[in-house]
Structure formats: C-alpha cells, structure tokens
Amino acid sequence: MKGLFITFEGVDGCGKSTQMRFLSEYLMEKGIAPVLTREPGGCNIAEKIRDLVLDIENKEMYDRTEALLYAAARAQHVGEVVGPAVESGRVVLCDRFIDSSLAYQGVGRGLGIEAVMDINCFAMGDCMPDKTFFLDFPPHLAFERMSKKRVHDRLETQEEEFYILLYNGFVKLAEMYPERIVRIDASGNKFETQEIVRAKMDEILKERGFFV
Ligand code: TYD
C-alpha cells in the first residue's frame, strides 16, 4: 500500500515545526513511525542548495534564480527521499514544500503562482502532497516573533508587509486547493493548535484506510 505525504506550511514564525514534531510524537504513540523531513533540504545535495539560497551574503540573487534553486532542491529531495518513502508505504511529514514556493516566490516575489507551479511540476513530477496543513497564524504576530530572533536567514530579513503578502498568498492557495489544503486555526496556544491538527490527522488516516 502507498503511504501518505503530509506537508506543513505557513509564514515564518507560525509554529509549523513545533506542530510537526508534536504530530510525529502522536503518530509514534499510534505505532506509526513517520519519516520527518524538511525543505529546502532533506538530503545531502538539497541541504547544500539550502545553504546557498538562504545565505544572507547572497544579496544579488535574482528572484528567478531563487525559484529555480528551491525547485532544484525539491527535485533531489523528492527523488531521493519523499518518493521512495511514500512508495514503500511510509507516512512522510515534511516541513514546507511546494506551497512555500507558490507563496514566497509566486506571490511574495511576484513571479506568479502559475509560473512557479510550472517549474515545480517539472521538478517533482506527480509527487504532490496528499494533505497540507496550513497553519493560519496572524502575520503581524509572526513578524513580531521573528523580529525577536537574533540570527536571520535571507528570506527572514523582510518587512512586515512581506509577511502579510505571504499570508494572503497561503490563504489564496487554500482556496485554490480546498481538497488538499487543510486550514488550521493556529492563533491559540501550541497545545490547542495540536488538538486541531491531531483531529484532522485522525480523519485523514481513517479516510486512507490506516487502521490505528
Ligand atoms: P524554514 O526551513 O522554514 O526556515 P527556518 O529553518 O529558519 O524555520 O525555511 C527557510 C526559508 O525558505 C523560509 O523563509 C521560507 C523559504 N522558502 C521559500 O521561499 N520557498 C520554498 O520553496 C521553501 C521550501 C522555503
């Protein structure tokens, strides 16, 4: 049986990495050992691309270069990690994936959702997530949280307006792909948010015939 490919998305500072970790613990309790991975990165070559694309020194990087680098990292990650894991029946949890490219490069950088989707279709073939948790957290609060962080990568050194733009991008994507993207109210504390994520995950497992 094919496994399940679940991604976590949202603006920087929305708490997605914590939610993914909590969900992983929940799945372990149920006897499912998920594969945990992230983008950009998740395998050797893609982690090298991550360093390049997030390097704060690379100020002269063109938006199109950035979009292609994320897509290139994704091609490698899908081929090496995600694809084989899902094919062998594993549940894969991935911190960011295609929707980050659509929101950050498509909307944030203004390259257009369609253009960014096109290069990504080439990069990842038919490896679309089965479900995506979009953590809906107020962008001005996410910006505040991120402002407190001492070390920033290239994508995080942005103004509050950029966070709002991205947030609106994710909202638009959730409307475009209502079957796939599950919008999670992440405005409560992390345990409340996790309750919602777990309830949704239970539904997904049931729907897909995982008897746990
Ligand atoms: P992330 O791993 O979430 O950052 P951190 O480890 O600091 O929490 O992602 C790194 C940055 O890359 C983040 O600002 C979002 C951005 N990004 C894109 O712009 N496009 C993409 O396709 C992906 C996967 C990430």
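Remark: Phe170 falls outside the filter, which requires a residue to be of a type in the set (Phe, Trp, Tyr), in contact (Cβ under 8 Å) with a residue 12 or more places away in the chain and either open to solvent by 50 Å² or more (accessible area, probe 1.4 Å) or not in a helix (DSSP H, G or I) (or both).
Against the definition (surrounded by 17 or more Cβ atoms within 10 Å (Cβ to Cβ) and part of a loop (DSSP other than H, G, I, E, B)), how does Phe210 come out, yes or no? Break it down stepwise before answering.
Values: surrounded by 17 or more Cβ atoms within 10 Å (Cβ to Cβ): yes; part of a loop (DSSP other than H, G, I, E, B): yes.
Here the answer is yes, as Phe210 does meet what is asked.
Entry remark, the range 184-193: residues being out of contact with any helix residue (DSSP H, G or I) (no Cβ under 6 Å at 6 or more places or on another chain) and open to solvent by 40 Å² or more (accessible area, probe 1.4 Å) number 5 in total. Before we move on, is Ile181 crowded, with 17+ Cβ neighbours inside 10 Å, among the aliphatic types (A, V, I, L, M) and touching a helix residue (DSSP H, G or I) at 6+ places or on another chain (Cβ under 6 Å)? It is true that Ile181 is crowded, with 17+ Cβ neighbours inside 10 Å, among the aliphatic types (A, V, I, L, M) and touching a helix residue (DSSP H, G or I) at 6+ places or on another chain (Cβ under 6 Å).
Scan the range 112-127 and give yes if some residue there is open to solvent by less than 40 Å² (accessible area, probe 1.4 Å), part of a loop (DSSP other than H, G, I, E, B) and either in contact (Cβ under 8 Å) with a residue 40 or more places away in the chain or among the charged types (D, E, K, R) (or both), otherwise no.
Yes - at least one qualifying residue is present in the range 112-127.
Hey, does the range 139-153 have a residue that's at pLDDT below 95, under 18 Å from the mean Cα position of the chain (by Cα), assigned to a loop (DSSP other than H, G, I, E, B) and closer than 24 Å to Leu68 by Cα? Within the range 139-153 (the criterion being at pLDDT below 95, under 18 Å from the mean Cα position of the chain (by Cα), assigned to a loop (DSSP other than H, G, I, E, B) and closer than 24 Å to Leu68 by Cα), the answer is yes, since at least one residue qualifies. Being farther than 16 Å from Arg180 by Cβ, free of Cβ contacts under 8 Å to residues at least 60 places away in the same chain, within 15 Å of the chain's Cα centre (by Cα) and within 14 Å of the ligand (Cβ to nearest atom) is a property that does not hold for Arg64.
Which one is least open to solvent (accessible area, probe 1.4 Å) among residues in the range 14-48 that are more than 24 Å from Lys149 (Cβ to Cβ) and part of a helix (DSSP H, G or I)?
Taking the range 14-48 first, the residues more than 24 Å from Lys149 (Cβ to Cβ) are 25-35, 43-45.
Next cut, part of a helix (DSSP H, G or I) only: 25-29, 44-45.
Working: Glu25: 89, Tyr26: 36, Leu27: 0, Met28: 112, Glu29: 141, Asn44: 110, Ile45: 86 Å².
Taking the candidates together, the pick is Leu27.
The values are calculated or read from the model by the stated rules, or taken from the named source; none is laboratory data. Just so we're clear, the structure is a prediction, and the values are computed from it rather than from any experiment. All Cβ positions, glycine included, derive from the backbone under ideal geometry; neighbour counts span all protein chains shown. Each accessible area value is taken on the protein alone, full model and side chains, heavy atoms only, with ligands, DNA and RNA left out. Shrake-Rupley method; radii C 1.70, N 1.55, O 1.52, S 1.80 Å.
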